[in-house]
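Undergrad: Mind looking over this structure? Questions follow.
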Amino acid sequence: MNIVMVSVDYKSAKIEGREKFSFTTNKVREAVRNIKATPLVRGAVLISTCNRTELYLSCEEECEINPVELLCREANVNHMDMPDIFNIKYNEDAINHVMEVACGLRSMILCEDQIITQVKTAAQIAREEKATDSILETLFRLAATCGKKAKTKVKVRAVPTSVADQAICMLEDKYGIKNKKILVIGNGEMGRICSSKLVEKGADVTVTLRTYKYGVNIVPFGCKTIPYDEREKIIPNMNMIISATASPHYTITKDMLKIINNDLILVDLAVPRDIDSEIEGKDFITCYNIDSLAKGEELNNVEAIKKIREIIQEEEEQFFKWYNIHLCQSQINGIKNVITKRVSGGLDIDYEDDLSFEILEKAVHKTIDICLRSIKDELTPEFLENMKYQMTKKQGDKR
């Protein structure tokens, strides 16, 4: 096993650093294809969210690859120019890390709702691009299972379930939301979450739309709409603006706010950022970005975190049991072939009858799987190799 992981997250890098490593879905697809084509790399999975970018590699045993160089190459960043923002882990530590990520223990919002889907999506993209291998495939499947178990079995105390929730809680606590005029730029998942919750709390919400999709309800109930290109017209009338898009360009620029002479709250939930950083400090304007919302909840959930770590340990054990079988697979296949030949040699089977031999082969293989499953924790390649040797010795050989 040679698993290596490199991470850039909200703990190691400010948003200015993280946005250099933000990948769109299409860029993730391109990156994992390129990385999989790298010599000695068996598989690659890339997670890219607003709070983290993580590259997981499964490599040949003797490979000593630098994951930072690969990540920087795909992000079009010179790794020699980057500060020390990278966290690298290997094998058991990398396995534990992805389990903790899937459970939300490493999220800005403790045990957030979206992370399980993000982990599953990363694995699915790698699978679709034929960039993963059986080791990463199994690891990410068990990580997603781990996240689901943690979510259903452990109660986390009074924590917002997403960055959008955290933003709205902050706005409500500091400024109040009811009857406030709020523009939400972006109608993706995070934008819709914001819009829906703001309406629930009594805000007057307007949502920007780039296109109208007839027959599909893409606008949360109770929201007004405005074409994205006309957003600048209504900015002077707003009390707050929340931007959460995947746009490569600023959705709010400094020039758009030249005539602002009333208090305006700007909340940028995007990575890379939607709102021009030069706006910060302008008269009447208060700016928040995703890093401003970080709030530790660990002290209120010590027991919950302990229970989640127990679930993680169980899933890690499942992975190592699977990996042990994976290591032994070539020996197991050899034993199956030997026993199939010996059994068929003592039966009156027409070898030209493919169906008869196929039925026999399946029966033998299934029986061996059942037998080995009962001793799977004790299996080693050496043990199985010796078993195969004993089976292939001539019957008269008593050694």
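The values are calculated or read from the model by the stated rules, or taken from the named source; none is laboratory data. None of the values given here were measured: they were computed from a predicted structure. With ideal geometry, Cβ positions are generated from the backbone for all residues, glycine too; neighbour counts draw on all protein chains shown.
Undergrad: Let me confirm something: among G191, G104, G202, G147, which residue is on the phi > 0 side of the Ramachandran plot and surrounded by 21 or more Cβ atoms within 10 Å (Cβ to Cβ)? First the steps, then the outcome.
TA: Values: G191 fails: on the phi > 0 side of the Ramachandran plot; G202 fails: surrounded by 21 or more Cβ atoms within 10 Å (Cβ to Cβ); G147 fails: on the phi > 0 side of the Ramachandran plot.
Result: G104 is the single residue among G191, G104, G202, G147 that is on the phi > 0 side of the Ramachandran plot and surrounded by 21 or more Cβ atoms within 10 Å (Cβ to Cβ).
Undergrad: Report yes if some residue within the range 66-77 is touching a helix residue (DSSP H, G or I) at 6+ places or on another chain (Cβ under 6 Å) and among the small types (G, A, S); otherwise report no. Let's see the steps before the verdict.
TA: From the range 66-77, those touching a helix residue (DSSP H, G or I) at 6+ places or on another chain (Cβ under 6 Å) are 68-70, 72, 74-75, 77; that's our starting set.
With among the small types (G, A, S) added as a condition, the list becomes 75.
There is at least one residue in the range 66-77 that is touching a helix residue (DSSP H, G or I) at 6+ places or on another chain (Cβ under 6 Å) and among the small types (G, A, S).
Undergrad: Checking N26 against (1) over 16 Å from L136 (Cα atoms); (2) not in a helix (DSSP H, G or I), only one condition comes out false. Which one?
TA: Here N26 meets the rest and fails (2).
Undergrad: Find the residue count for the range 115-134, including only residues that are in a helix (DSSP H, G or I), over 19 Å from I95 (Cβ atoms) and touching a residue at least 12 places away in the same chain (Cβ under 8 Å).
TA: Adding up the residues that qualify gives 2.
Undergrad: Right, here's the next one. When K120 is evaluated against the numbered criteria (1) modelled with pLDDT under 95; (2) more than 24 Å from V68 (Cβ to Cβ); (3) not aliphatic (A, V, I, L, M), which criterion, by number, is the only one it fails?
TA: The single condition K120 does not satisfy is (1).
Undergrad: Same structure again: I'd like to check something: does the range 173-184 contain any residue that is modelled with pLDDT of 90 or more and at positive phi? It would help to see each step written out before you state the result.
TA: Step one: list which residues in the range 173-184 are modelled with pLDDT of 90 or more, which gives 173-184.
Still in the running and at positive phi: 176, 179.
Checked against the condition, which is being modelled with pLDDT of 90 or more and at positive phi, the range 173-184 yields at least one hit.
Undergrad: Report the residue count in the range 68-95 for those that are closer than 22 Å to P272 by Cβ and in contact with a strand residue (DSSP E or B) (Cβ under 6 Å, 6 or more places away or on another chain).
TA: Number satisfying all stated conditions: 5.
Undergrad: Another question, then. Show the residue pairs meeting these rules: Cβ distance below 6 Å; 6+ apart or different chains; first residue within the range 288-313 and in a helix (DSSP H, G or I); second residue of a type in the set (K, R) and at pLDDT below 80.
TA: N300/R157; N301/R157
Undergrad: Let me ask another. Among the candidates E112, E61, E69, E74, which residue alone is in a helix (DSSP H, G or I), in contact (Cβ under 8 Å) with a residue 12 or more places away in the chain and among the charged types (D, E, K, R)? So that I can check it myself, show each step before the final result.
TA: Details: E112 fails: in a helix (DSSP H, G or I); E61 fails: in a helix (DSSP H, G or I); E69 fails: in contact (Cβ under 8 Å) with a residue 12 or more places away in the chain.
Criteria check complete, one pass: E74.
Undergrad: Quick one: would you say R29 is at pLDDT 95 or above, on the phi < 0 side of the Ramachandran plot, in contact with a helix residue (DSSP H, G or I) (Cβ under 7 Å, 6 or more places away or on another chain) and not aliphatic (A, V, I, L, M)? Give the derivation first.
TA: Values: at pLDDT 95 or above: yes; on the phi < 0 side of the Ramachandran plot: yes; in contact with a helix residue (DSSP H, G or I) (Cβ under 7 Å, 6 or more places away or on another chain): yes; not aliphatic (A, V, I, L, M): yes.
Against the criterion (at pLDDT 95 or above, on the phi < 0 side of the Ramachandran plot, in contact with a helix residue (DSSP H, G or I) (Cβ under 7 Å, 6 or more places away or on another chain) and not aliphatic (A, V, I, L, M)), R29 qualifies.
Undergrad: From the list A131, A150, A102, A144, which residue is small (G, A, S), in contact with a helix residue (DSSP H, G or I) (Cβ under 9 Å, 6 or more places away or on another chain) and within 22 Å of R18 (Cα to Cα)?
TA: Sole residue among the options that is small (G, A, S), in contact with a helix residue (DSSP H, G or I) (Cβ under 9 Å, 6 or more places away or on another chain) and within 22 Å of R18 (Cα to Cα): A102.
Undergrad: On the basis of being closer than 24 Å to Y323 by Cβ and out of contact with any helix residue (DSSP H, G or I) (no Cβ under 6 Å at 6 or more places or on another chain), does N2 make the cut?
TA: On the way: closer than 24 Å to Y323 by Cβ: yes; out of contact with any helix residue (DSSP H, G or I) (no Cβ under 6 Å at 6 or more places or on another chain): yes.
Judged against the criteria, N2 is a match.
Undergrad: Quick test for you: out of A44, A94, A31, pick the one residue that is within 23 Å of E317 (Cα to Cα), among the small types (G, A, S) and part of a helix (DSSP H, G or I). Before you say what the answer is, go through the steps one by one.
TA: On the way: A44 fails: part of a helix (DSSP H, G or I); A31 fails: within 23 Å of E317 (Cα to Cα).
Of the residues listed, the single one that is within 23 Å of E317 (Cα to Cα), among the small types (G, A, S) and part of a helix (DSSP H, G or I) is A94.
Undergrad: Can you confirm whether the range 135-157 contains a residue that is small (G, A, S), within 27 Å of D291 (Cβ to Cβ) and in a loop (DSSP other than H, G, I, E, B)?
TA: No, the range 135-157 contains no residue that is small (G, A, S), within 27 Å of D291 (Cβ to Cβ) and in a loop (DSSP other than H, G, I, E, B).
Undergrad: Tally up the residues in the range 53-66 that are within 18 Å of the chain's Cα centre (by Cα) and modelled with pLDDT under 95, please.
TA: Kept after step one, since they are within 18 Å of the chain's Cα centre (by Cα), are these residues of the range 53-66: 53-58.
Filter once more, keeping what is modelled with pLDDT under 95: none.
Total meeting the criteria: 0.
Rundown of residues vs (1) buried (at least 24 other Cβ atoms within 10 Å of the Cβ); (2) under 14 Å from N87 (Cβ atoms); (3) in contact with a strand residue (DSSP E or B) (Cβ under 7 Å, 6 or more places away or on another chain); (4) not aliphatic (A, V, I, L, M), yes/no style:
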| position | (1), (2), (3), (4) |
| --- | --- |
| V4 | no, yes, yes, no |
| F21 | yes, yes, yes, yes |
| K27 | no, no, no, yes |
| R33 | no, no, no, yes |
| E62 | no, no, no, yes |
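Undergrad: A follow-up question, please. Spot the failing condition for A75; the list is (1) closer than 16 Å to S12 by Cα; (2) at pLDDT 95 or above; (3) among the small types (G, A, S), and only one is missed.
TA: The one condition A75 does not meet is (1).
Undergrad: Could you pull out the residue among I47, I15 that is closer than 17 Å to M108 by Cα, crowded, with 16+ Cβ neighbours inside 10 Å and modelled with pLDDT under 95?
TA: Values: I47 fails: modelled with pLDDT under 95.
Step by step, each of I47, I15 is checked, and only I15 is closer than 17 Å to M108 by Cα, crowded, with 16+ Cβ neighbours inside 10 Å and modelled with pLDDT under 95.
Undergrad: Can you tell me which residues in the range 256-276 are in contact with a helix residue (DSSP H, G or I) (Cβ under 9 Å, 6 or more places away or on another chain) and without any contact (Cβ under 8 Å) to a residue 40 or more places away in the chain? Steps first, answer last, please.
TA: The initial filter retains those residues of the range 256-276 that are in contact with a helix residue (DSSP H, G or I) (Cβ under 9 Å, 6 or more places away or on another chain), namely 256-257, 259-262, 264-273, 276.
The answer is M256, L257, I259, I260, N261, N262, L264, L266, D268, D276.
Undergrad: Pairs only if they're at least six apart or on different chains, beta carbon under 9 angstrom, first in the range 366-388 and at negative phi, second in a helix (DSSP H, G or I) and of a type in the set (D, E, K, R); list them, first residue then second.
TA: What qualifies is I368/K336; D369/K336; K376/K321; D377/K321.
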